[in-house]
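Below: one structure, written as structure tokens.
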Amino acid sequence: MKFAVHLLIVIVGAVWALPLYVLVVGALKPLSEVLTTPVFTPSSIDLSTLVKISGELAPVLLNTALVVFPTALIATFVGALGAYALWRATSKLKDVLLIFVAIATYLPYQSAAVPLARFMSQIGLFDTLYGIALGLLIFFTPFATLMMLIFITALPRAVVEAAEIDGAGELTIFSKAVLPLLGPAFTSTATYLAINGWNNFFIPLVLSRSYNNHITLKVFSYVGQSGNLYNEMFSAALLASLPPLLLFIALGRYFIRGLLVLGAGGK
């Protein structure tokens, strides 16, 4: 039984790693070999394309990082505040607000594309990094609230009650008693939002005229109308995928710990 489980894990891992292997092999081939050899077949290593594309992508990667990572942290913090407020609320309005949060979480990006673009134009943030950050924040905050609410319901209320007995206010209870216990949950949610924001294509597309505002748009710009330089496409895709991959590797154990806390809280 263990052998079958391990074999299944190896097979799933191999299937998952196959696109990454193709990206690496294609990025290291010169264009002539990309066009004449199978995608799975490695050949002579040519780093010139990677060096060229890395120079082109460097400012775009920086722009994306400046937008995505702070937005993920802010959305997670605001979501934690909202989740705490919903957790502590006792009125019937709580259920109504929770329904609105759930609807906003599952609202498709496409349904709000035109109003969002018009809103950004009216406030002067269309085709800016601030506009993309605000757009991501609008869509990420309801999801972060819902996720943090799931985590926060697993916390013992005795901690809050003890703080209340000591005379602490709501902000003090949240910052001193609740937020420190939400470390794994905060990390899991922020990591997920950062990766989602990094890979998001639709919101930057709707809110930008330039390819340089977000990495997914820049990678898309390497798709030609009459032909493709596949080695450049592979190199751009490879370099664009490295930051979220490295982020998950660095914070993966905290992400999994948060999921374990979520699973324990649901039992």
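When region 92-102 is examined, which residues are found to be closer than 20 Å to Gly135 by Cβ and either aromatic (Phe, Trp, Tyr) or free of Cβ contacts under 8 Å to residues at least 12 places away in the same chain (or both)?
So in region 92-102, the residues closer than 20 Å to Gly135 by Cβ come out as 100-101.
Across region 92-102, the qualifying residue is only Phe100.
Using the structure shown, decide if Ala85 is over 25 Å from Tyr211 (Cβ atoms), in contact with a helix residue (DSSP H, G or I) (Cβ under 9 Å, 6 or more places away or on another chain), assigned by TED's automatic domain parsing to the domain that holds Phe151 and aliphatic (A, V, I, L, M). Yes.
Just give me the residues in region 72-97 being among the aromatic types (Phe, Trp, Tyr) and either more than 20 Å from Leu137 (Cβ to Cβ) or loosely packed, with under 13 Cβ neighbours inside 10 Å (or both), in sequence order. Can you show your working first?
Our first condition is that a residue be among the aromatic types (Phe, Trp, Tyr); within region 72-97, this holds for 77, 84, 87.
Trp87 - this is the single residue of region 72-97 that is among the aromatic types (Phe, Trp, Tyr) and either more than 20 Å from Leu137 (Cβ to Cβ) or loosely packed, with under 13 Cβ neighbours inside 10 Å (or both).
Entry remark, region 88-128: residues being acidic (Asp, Glu) and closer than 24 Å to Phe174 by Cα number 1 in total.
If you scan region 117-159, which residues turn out to be among the aliphatic types (A, V, I, L, M), part of a helix (DSSP H, G or I) and free of Cβ contacts under 8 Å to residues at least 12 places away in the same chain?
Residues of region 117-159 that are among the aliphatic types (A, V, I, L, M), as a first pass: 117, 120, 123, 125, 129, 132-134, 136-138, 144, 146-150, 152, 154-155, 158-159.
Narrowing the set further to residues that are part of a helix (DSSP H, G or I) leaves 117, 120, 129, 132-134, 136-138, 144, 146-150, 152, 158-159.
The answer is Ala158, and nothing else.
If a residue has to be under 30 Å from Ser235 (Cβ atoms) and surrounded by 22 or more Cβ atoms within 10 Å (Cβ to Cβ) to count, how many in region 171-199 make the cut? Lay out the reasoning, then the answer.
To start, the set of residues in region 171-199 that are under 30 Å from Ser235 (Cβ atoms) comprises 190-199.
From what is left, the residues that are surrounded by 22 or more Cβ atoms within 10 Å (Cβ to Cβ) are 190, 193-194, 197-198.
The qualifying residues number 5.
Contact map, region 196-211: first residue touching a residue at least 24 places away in the same chain (Cβ under 8 Å) and in a loop (DSSP other than H, G, I, E, B), second residue surrounded by fewer than 22 Cβ atoms within 10 Å (Cβ to Cβ) and of a type in the set (Ser, Thr, Tyr), Cβ cut-off under 6 Å, separation 6 or more or different chains; the map is empty.
What's the total number of residues in region 26-40 that are among the β-branched types (Val, Ile, Thr) and either assigned by TED's automatic domain parsing to the domain that holds Glu232 or within 26 Å of the chain's Cα centre (by Cα) (or both)?
Residues meeting the conditions: 0.
For region 6-38, the set of residues classified as among the hydrophobic types (A, V, I, L, M, F, W, C), farther than 24 Å from Ile215 by Cα and modelled with pLDDT under 85 consists of Leu35 only. For region 52-71, the criterion of being of a type in the set (Ser, Thr, Tyr), surrounded by 11 or more Cβ atoms within 10 Å (Cβ to Cβ), under 30 Å from Ile150 (Cβ atoms) and modelled with pLDDT of 90 or more is satisfied by at least one residue.
Identify, please: which residue in region 98-114 is surrounded by 15 or more Cβ atoms within 10 Å (Cβ to Cβ) and not hydrophobic (A, V, I, L, M, F, W, C) and is, among those, nearest to Leu182 (Cα to Cα)? Per the stated criteria, the residue is Thr105.
Could you tell me whether any residue of region 144-161 is touching a helix residue (DSSP H, G or I) at 6+ places or on another chain (Cβ under 8 Å), closer than 30 Å to Ser210 by Cβ, assigned by TED's automatic domain parsing to the domain that holds Asn199 and of a type outside the set (Phe, Trp, Tyr)? Scanning region 144-161, I find at least one residue that is touching a helix residue (DSSP H, G or I) at 6+ places or on another chain (Cβ under 8 Å), closer than 30 Å to Ser210 by Cβ, assigned by TED's automatic domain parsing to the domain that holds Asn199 and of a type outside the set (Phe, Trp, Tyr), so the answer is yes.
Considering (1) over 21 Å from Ser208 (Cα atoms); (2) under 17 Å from the mean Cα position of the chain (by Cα); (3) modelled with pLDDT of 85 or more, the lone condition that Thr105 does not fulfil carries the number (3).
The values are calculated or read from the model by the stated rules, or taken from the named source; none is laboratory data. Quantities reported herein were computed from a predicted structural model and do not represent experimental measurements. When we count neighbours, we look across all protein chains shown, and the Cβ atoms used for this are built from the backbone with ideal geometry, even at glycine.
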